[in-house]
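None of the figures in this text is laboratory data; all of them are computed from the coordinates on show. Just so we're clear, the structure is a prediction, and the values are computed from it rather than from any experiment. Cβ placement follows ideal geometry from the backbone for every residue including glycine, while neighbour counts extend to all protein chains displayed.
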Amino acid sequence: MEIVLSGIRPTGHLHLGNYFGAMKSFLQLQEEYACFFFIADWHSLTTHPRPGNIVGSVREIIAEYLACGLDPEKVAIYVQSDVKEVLELYLYLNMNAYLGELERTTTFKEKARQQPDNVNAGLLTYPTLMAADILLHRARKVPVGKDQEQNMEMARRFARRFNTTYECELFPEPESFTFSRSAIKIPGLDGSGKMGKSEGNALYLVDDATTIRKKVMKAVTDNGPTEPNSTKPEVIQNLFTILEVVSAPEVYDHFNEQYNRCAIRYGDLKKQLAEDIVAFCTPIRERILEYASDATRIDKVAAQGADKARESASRTLREVRRTIGFRS
Ligand code: TYM
């Protein structure tokens, strides 16, 4: 059976970017495939060396996963640090990962610029740990947003390299999966590129209606189009991109047409967008609060998930060791 895997760093609550970039695609696959969804707590150490209440953040994320509709009976929901096998695979992959290619990764260069006093080896080898997460279960489909494309390309390269080096077919090449036509990037509403926790511009699934309305009404706009059918500048395109994923197609078409006729009123667009986001988030928020109040249940989900993940991981590791030449 084809394996699906995806993950998230526990550095904050789930936002609309996480949902539409990865979660929505994953929800579609959980019915048909053997699925793993994990929380990349070790990965978060590359940027947050003292993560604070990591157990609390992990529980929050699991509550949010469940609230989105992940079914722990169908999906193994687990915490990366509960499945130590990934470290062994990370080590083997690192032996065949080259300094030059790791240094050239865009995310490494970006993070090195953002945190010049902490350009650590974990940051450099982030793509190998991510490849190990995926190859640990020999996953073929990986629901991720557009920002993960380079990491996915590295994972495919490491899979191919392992197979070539050891003359085997052990690892399939994992492909990015998305429910839409192409990979998704949900923008922030502050005029900057992507919506993200560290960018400080995120709309969280757990946000209440007042917070959502406030955030959306503050979104950056311009003076409006002066020529019919003109190309939308980035700040306006950002609003339309979010409208496209949360609102009904008629709503999107209505505002798009108004824009094309130079008759758009951004106040109306923002009000509608805010209400559609509130309608989308409110039931999820209610479920998050319910799940989050039951730590015992959450810990049980994580323990169950870790058992399933360890079983699959140790099967892969047995073959990896044998292939490289270690005693199994
Ligand atoms: P992370 O924690 O940054 O984000 C989790 C998932 O959400 C997607 N995402 C977005 N998609 C569209 N628009 C956005 N604005 C947006 N922001 C976040 C990400 O693409 C991701 O799918 N390296 C990963 C975590 C990870 C992982 C893995 C993922 C570690 N190992 C193995 C898949 C497979 C990360 O930092 O995601």
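Can you pull out the trypsin sites (Lys or Arg not before Pro) in segment 226-328 that DSSP calls coil and that have at most 16 other Cβ atoms within 10 Å?
Details: sites: R261, R265, K270, K271, R285, R287, R297, K300, K308, R310, R315, R318, R321, R322, R327; in loops: R261, R265, R327.
Listed in order of number, the matching sites are R261, R265, R327.
Using the Cα centre as the reference, give the magnitude of the dipole from point charges on the C-beta atoms of the chain (Lys, Arg: +1; Asp, Glu: -1; all else neutral), rounded to the nearest 20 debye.
Numbers: 42 positive and 44 negative charges, 137 e Å.
The dipole magnitude comes to about 660 debye.
Compare the Cα positions of Y90, T221, I8 along the charge dipole of the chain (+1 at Cβ of Lys, Arg; -1 at Cβ of Asp, Glu; about the Cα centre) and return the one farthest towards the positive end.
Y90
I need to check one value: relative contact order of segment 104-192, counting alpha carbon pairs closer than 8 Å and at least 6 residues apart, in percent. Mind showing how you got there, number by number?
Working: 83 pairs, mean separation 25.5, N = 89.
Taking the mean separation of contacting Cα pairs over the length of segment 104-192, I get 29 percent.
Tell me, what is the percent relative contact order of segment 163-241, built from C-alpha pairs under 8 Å that lie six or more residues apart? Mind dumping the intermediate values first?
Values: 53 pairs, mean separation 22.2, N = 79.
Taking the mean separation of contacting Cα pairs over the length of segment 163-241, I get 28 percent.
What percent do you get for the relative contact order of segment 21-86 when only Cα pairs under 8 Å and 6+ apart count? Provide the component values of the computation, followed by the final result.
On the way: 48 pairs, mean separation 34.1, N = 66.
After rounding, I find 52 percent.
Among 51-63, 222-234, how do they line up by average Cβ neighbours within 10 Å per residue, starting with the highest? Could you put the intermediate results ahead of the total?
Numbers: 51-63: 18.4, 222-234: 11.1.
With the highest mean Cβ count within 10 Å placed first, the list reads 51-63, 222-234.
Projecting each Cα onto the charge dipole of the chain (Lys/Arg +1, Asp/Glu -1 at the beta carbon, about the Cα centre), which of V58, L136, I242 comes out farthest on the positive side?
L136
Let me know the charge dipole size of segment 134-265 about its Cα centre in debye, to the nearest 20, where only the beta-carbon of Lys, Arg (+1) and Asp, Glu (-1) is charged. Write out the running numbers ahead of the final one.
Values: 19 positive and 18 negative charges, 59 e Å.
Rounded to the nearest 20 debye, it is 280 debye.
What does the extension gain come out to for E290 and T165, with contour length at 0.36 nm per residue minus their alpha carbon separation? Mind showing how you got there, number by number?
On the way: separation 125, 0.36 × 125 = 45.00 nm, distance 4.96 nm.
Here the segment from E290 to T165 would lengthen by 40.0 nm.
Relative to the first principal axis of the alpha-carbon coordinates of the chain, what is the inclination of helix 266-292, with its axis defined by its Cα atoms, in degrees from 0 to 90 and to the nearest 10?
40
Can you list the residues, at least 5 places off or on another chain, whose amide H is less than 5 Å from the amide H of F38, using H built in the peptide plane?
S6, G7, I8, Y78
Specify the inter-centroid distance of segment 72-126 and segment 261-328, based on alpha-carbon positions, in whole Å.
20
Under 12 Å from the Cβ of K270, count the other residues' Cβ atoms, weight Lys and Arg +1, Asp and Glu -1, and hand me the total. Working shown, then result.
On the way: positive: R213, K214, K215, K218, R265, K271; negative: D268, E275, D276.
My count for the surroundings of K270 gives +3.
Using the charge dipole of the chain (Lys, Arg: +1 at Cβ; Asp, Glu: -1 at Cβ; taken about the Cα centre), state which of A183, T231, C262 has its Cα farthest towards the positive end.
A183
Please list, or write none, the lysines whose alpha carbon is within less than 18 Å of the alpha carbon of K24, excluding same-chain residues fewer than 8 places away.
Correct list for K24: K74, K141, K146, K185, K194.
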